[in-house]
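The values are calculated or read from the model by the stated rules, or taken from the named source; none is laboratory data. Keep in mind that what you see is a predicted model, and the values were worked out from it rather than measured. With ideal geometry, Cβ positions are generated from the backbone for all residues, glycine too; neighbour counts draw on all protein chains shown. Areas reflect the complete protein model, heavy atoms only, side chains present, ligands, DNA and RNA absent. Shrake-Rupley method; radii C 1.70, N 1.55, O 1.52, S 1.80 Å.
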Amino acid sequence: MANTLAIVILFASLGAVASQAPAAAPTESFQGSSPSDISSPPAAAPSDTFGSSAPGPSPEGSAPSTSTPPSAMSPIPPPSAGTKLRVGFYRRSCPRAEKIVRAAVWKALSKSPVIGAGLIRLHFHDCFVQGCDASVLLDPTASNPQPEKLSPPNFPSLRGFEVIDAAKKALEKVCPGKVSCADIIAFASRDASSILSRGRISFRMPAGRLDGRVSLSSEALQFLPPPFFNLSQLIGSFKAKNLDVDDLVVLSGAHTIGVSHCSSFTDRLPPNPSNMNPAFATMLQRKCPANPNITNDPTVVQDIVTPNRLDTRYYTNLLKHNVLFTSDAALLTSRRTTRKVLQNAFIPRRWERKFARAMVKMAAIEIKTAANGEIRNMCRVVNN
Ligand code: HEM
Ligand SMILES: *[C@@H]1O[C@H](CO)[C@@H](O)[C@H](O)[C@H]1NC(C)=O
Ligand SMILES: *[C@@H]1O[C@H](CO)[C@@H](O)[C@H](O)[C@H]1NC(C)=O
């Protein structure tokens, strides 16, 4: 019965997909960076039923400098005109910049793949607060004792800071003062996406961000959606950052990797009511204390099936009610988002493209200008 309904909705969705395909084409211009340095080459791409054939490989760094930013389709109003991100931004000022970041990410992930999840989340948490400006990296100081980093959504769960530090250190040796910490985060999240998807999600990341000088714990609480948000609240948080419902559903797919602390979802474990799959809830109850606190708050993997693979498993888990958060389950509380979940679950190649596009869109939120930004010397402190 439930299956029949799902299939009916899926077919209804496919009609919508087909009719949307041409509109999506213009933003498919950022192409895969060569995945040659990924240990296992990506499997052959499944045939693409919806046109907009994947562009052929193109050497890194030869991107057209005038390429239209991906935000062209759904424009992000420039908060302060003038700062435009560009693919290949460092081609002259630091030609090896992207390779150096990638090497740092690769090194970290080969030791511990889950750090890739940390880097992707770091990018999200950076961009939603003060825009993509590396404000999330700033350490507490006497004059700013409560930066974003120490805010409950970020502390102690946010991770990957050491990878950014390592990349910055390597970059400062080769081209001091040229590459912003905000761009390092954006490149690192792109590289982590590519590595954890085994090259299936590979895309160009426009750059030219500047680092901010403001970082407030209170703003992290204000702008980062908590796991207990319902659908209308989630849509509201994303809309505040010029991201739409499709971006919400597509980017939530990142919960196919990484971990969560028990405290983020105990509100959905028995005896509290939730529509979590009972077997899944029982498994979680075995791993989590009834009342987690800061000294006793274990983590569990978000995707019990393929925890370190950036794939569409999140959506199939979601359809089985095997997801952790209210915010995950919320995606099935409207017909419109349910349809999107089904599309993403059943058409992986399309989700992969959408994820790449949504990451680039998120990476363009509220970019700083020369008036309020700088290129930090050290990612953890503002310049003097
Ligand atoms: C839609 C609203 C979202 C909510 C409410 C949410 C909430 C959360 C929470 C509570 C955790 C677990 C933190 C912990 O307890 O350790 C988490 C983990 C994670 N989230 Fe989200 N998230 C959202 C959207 C996103 C987006 C847009 C991305 C990236 C594109 C993302 C990527 C991740 C990743 C990769 C992890 C695992 C991190 C790790 O293992 O270090 N999330 N999220
Ligand atoms: C979501 O929560 C808000 C605040 O509690 C409430 O006003 C709203 O009606 C809720 N929306 C849905 C769809 O439940
Ligand atoms: C945290 O919970 C554990 C038991 O789950 C308890 O022994 C400990 O005292 C608690 N710590 C704090 C700081 O409340």
Give me the one-decimal Kirkwood hydrodynamic radius in Å for region 291-352, with the sum taken over alpha-carbon pairs. 12.9
Stokes-Einstein D for region 155-296, Kirkwood Rh over Cα pairs, 37 °C, 0.692 mPa s (µm²/s): 178
Taking the Cα centre as origin and putting +1 on Lys and Arg beta-carbons and -1 on Asp and Glu beta-carbons, what dipole magnitude results for region 89-164, to the nearest 20 debye? 500
Gap separating the Cα centres of region 349-384 and region 109-139, nearest whole Å: 10
FRET efficiency for THR306 and GLN222 from the Cβ-Cβ distance with R0 = 35 Å, rounded to 0.05, comes out at 0.55
My understanding is that a pair violates if its Cα-Cα distance is over 22 Å; which of LYS107/LYS149; LYS149/LYS178; LYS239/LYS354 do that in this structure? LYS107/LYS149; LYS149/LYS178
From Cα pairs below 8 angstrom and at least 6 apart in sequence, can you work out the relative contact order of region 148-302, rounded to a whole percent? 19
Could you pull the accessible area for VAL323 with a 1.4 Å probe, rounded to 10 Å²? 10
Counting every Cα pair in region 176-236, what percent are over 20 Å apart? 55
Can you report the principal axis dimensions of region 230-317 using only the alpha carbons, biggest first, rounded to whole angstrom? 38, 26, 26
Placing +1 on each Lys and Arg Cβ and -1 on each Asp and Glu Cβ in region 274-380, then taking the dipole about the Cα centre, the residue among LEU342, LEU310, ASN277 whose Cα reaches farthest towards the positive end is LEU342
Give me the number: length gained by fully extending ASP267 to ASN383, i.e. 0.36 nm times residue separation minus the C-alpha to C-alpha distance, one decimal in nm. 37.6 nm
As a test question: what accessible area, to the nearest 10 Å², does CYS175 have when a 1.4 Å probe is rolled over all protein chains in place? 10
Using only the heavy atoms of the protein chains and a 1.4 Å probe, how would LYS287, LYS84, LYS168 rank by accessible area, largest first? LYS84, LYS287, LYS168
Over region 304-384, relative contact order from alpha-carbon pairs under 8 Å, at least 6 apart, %: 21
Residue separation between LYS84 and SER110 times 0.36 nm, minus their alpha-carbon distance, gives in nm 6.0 nm
Restricted to Cα positions, what overall size does region 84-219 have along the principal axes? Three whole-Å values, descending. 37, 30, 26
Rounded to whole Å and sorted largest first, list the principal axis extents of the Cα atoms in region 191-274. 48, 35, 24
Could you tell me the accessible area of ILE375 in Å² (1.4 Å probe, neighbours in place), rounded to the nearest ten? 50
Contour minus Cα-Cα distance for LYS178 and ASN275 (0.36 nm per residue): 29.9 nm
